[in-house]
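The values are calculated or read from the model by the stated rules, or taken from the named source; none is laboratory data. Bear in mind that the values here come from a model prediction, so they are computed numbers and not experimental data. Cβ sites come from the backbone with ideal geometry, for glycine too, and all protein chains shown count toward neighbours. Ligands, DNA and RNA are excluded from the accessible area calculation, which covers all protein heavy atoms including side chains. Shrake-Rupley method; radii C 1.70, N 1.55, O 1.52, S 1.80 Å.
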Amino acid sequence: MERLQKVIAQAGVTSRRKAEGLITEGKVTVNGKKITELGTKVDPSKDEIVVNGIPIDKEEPVYYMLYKPSGVISSVSDEHGRKVVTQYIPTDKRIFPVGRLDSDTSGLLLLTNDGDFANTLMHPKYKVTKTYIAKVEGIIFREQLKQLERGVRLEDGKTAPAKVKVLKADSKKNTSVVEMTIHEGRNRQVRRMFETVGHPVIKLKREQYGFLNLKGLNAGECRELRPHEVKQLRDLAVT
């Protein structure tokens, strides 16, 4: 037996927190009976659970890692007909990206149908690190690196400390290649951080998410996560 909100989240309908809201608003029935009490236990293999009039399919959870190409939208659909990340995943299950990468950013993106798992990884209090490689305008000096490491003030508040190191500086082209590791996931955060210290990003790629990296994948390729990787990500998030 499992808590109702957890079962709804794991079915990929919505996050656990939103599922709790749907329950208290009376929008969930179990075996035809309206349930409004949080923490109600259900058996997902036997009970018929209906959310907003739609029965939930207790799909097997799936977990994918994609090397997102640049120019692809981190969404399940796009009204302008642009390419979306779900087109690269060989499944007919209703999956969605965990967080997002800007369309012009490439790199490692997780996709799943497990809302609970996605929510845990994206929650700001759980500090899963993400490592980016950025090619930026200009030569970055020690003072700007220190600023980025300490955290810079953006319009939505100061960023948490980051790990930053210069991998390459090209004085002829007047560009630098910088590795940055952060654990926050604000909108366009890495780009905004570099802009704040006067070095706009030319090209950006997410190389690593927690302990996962892109080894063995080319842009546009994906692989399923192994069970021990899923467990390790859960453990990583919660600790």
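Computing mean projected area of the Cα convex hull in nm² directly from the structure and comparing it against [x] 15.9; [y] 13.3; [z] 15.0 singles out [z].
If you average the sequence gap of Cα pairs under 8 Å that are 6 or more apart and divide by the length of the chain, what percent do you get for the contact order?
On the way: 468 pairs, mean separation 49.6, N = 239.
Once normalised by length, the contact order is 21 percent.
For segment 97-239, DSSP calls about 90 percent of its internal beta bridges antiparallel.
What percentage of the solvent-accessible surface of the chain, computed with a 1.4 Å probe over protein heavy atoms, is contributed by carbon and sulfur atoms?
Details: 6120 of 12920 Å².
The value for the chain is 47 percent carbon and sulfur by accessible area.
List the relative contact order of segment 100-239 as a percent without decimals, with contacts defined as Cα pairs under 8 Å and 6+ residues apart.
On the way: 211 pairs, mean separation 49.9, N = 140.
Relative contact order comes out at 36 percent.
Under a 5 Å amide H cut-off, with hydrogens placed 1.01 Å from N, D114 pairs with V62 among residues at least 5 apart or on other chains. Normalised per residue, the accessible area of the chain is 54 Å², obtained with a 1.4 Å probe and no contribution from ligands, DNA or RNA.
Within the straight-line cut-off of under 18 Å between alpha carbons, the aspartates and glutamates reachable from K46 are E2, D57, E59, E60, sequence neighbours fewer than 8 places apart in one chain being disregarded. Each peptide in 200-208, 41-49 was scored by the mean count of other Cβ atoms within 10 Å over its residues; highest first, the order is 200-208, 41-49. In the structure shown, the pairs K83/K168; K83/K203; K83/K146; K83/K130; K18/K163 are assessed against 29 Å; a Cα-Cα span above that value is assigned to K83/K168; K83/K146; K18/K163. Straight-distance candidates among the lysines for linking to K172, with alpha-carbon spacing under 16 Å and chain neighbours fewer than 8 residues away dropped: K135. For I202, nonlocal amide neighbours, meaning residues 5 or more places apart or on other chains whose placed amide H falls under 5 Å from its own, are K135, V136, E137.
How high is the relative contact order of segment 6-118, given as a whole-number percent (alpha carbon pairs under 8 Å, six or more residues apart)? Don't skip to the end; give the middle numbers.
Working: 197 pairs, mean separation 33.7, N = 113.
Value for segment 6-118: 30 percent.
The HN-Hα couplings worked out from phi for segment 26-42 by the Karplus form 6.51 cos²θ - 1.76 cosθ + 1.60 (θ = phi - 60°) are x, 9, 10, 10, 10, 6, x, 9, 5, 10, 10, 8, 5, x, 4, 8, 9 Hz, whole numbers, x standing for Gly and Pro. Classification of segment 129-220 by its C-alpha gyration tensor yields an oblate form. The axis ratio a/c (a ≥ b ≥ c) is 1.5 or more, and b/c is at least a/b. Mind telling me which of R82, R192, R100 comes out most flexible in a GNM of the chain, alpha-carbon contacts under 10 Å? Residue with maximal mean-square fluctuation among R82, R192, R100: R82. Computed from the Cβ-Cβ distance with R0 of 35 Å, the FRET efficiency linking K27 to R153 stands at 0.30. Taking amide H as placed 1.01 Å from N in the peptide plane, the amide H of V84 sits under 5 Å from that of I73, each at least 5 places away or on another chain. For the peptides 124-135, 145-156, residues were scored by their other Cβ atoms within 10 Å and the scores averaged per peptide; the highest-first order is 124-135, 145-156.
In debye to the nearest 20, how big a dipole does the chain give about its Cα centre with +1 on each Lys and Arg Cβ and -1 on each Asp and Glu Cβ?
Working: 43 positive and 31 negative charges, 178 e Å.
Dipole of the chain, to the nearest 20 debye: 860 debye.
Selection among L38, V28, T86 by position relative to the dipole of segment 1-118 gives L38 as farthest towards the positive end (Cβ unit charges, Cα centre).
Phi angles of segment 212-217 translate, via the Karplus equation with coefficients 6.51, -1.76, 1.60 and θ = phi - 60°, into HN-Hα couplings of 7, 9, 8, 3, x, 10 Hz per residue; Gly and Pro are given as x.
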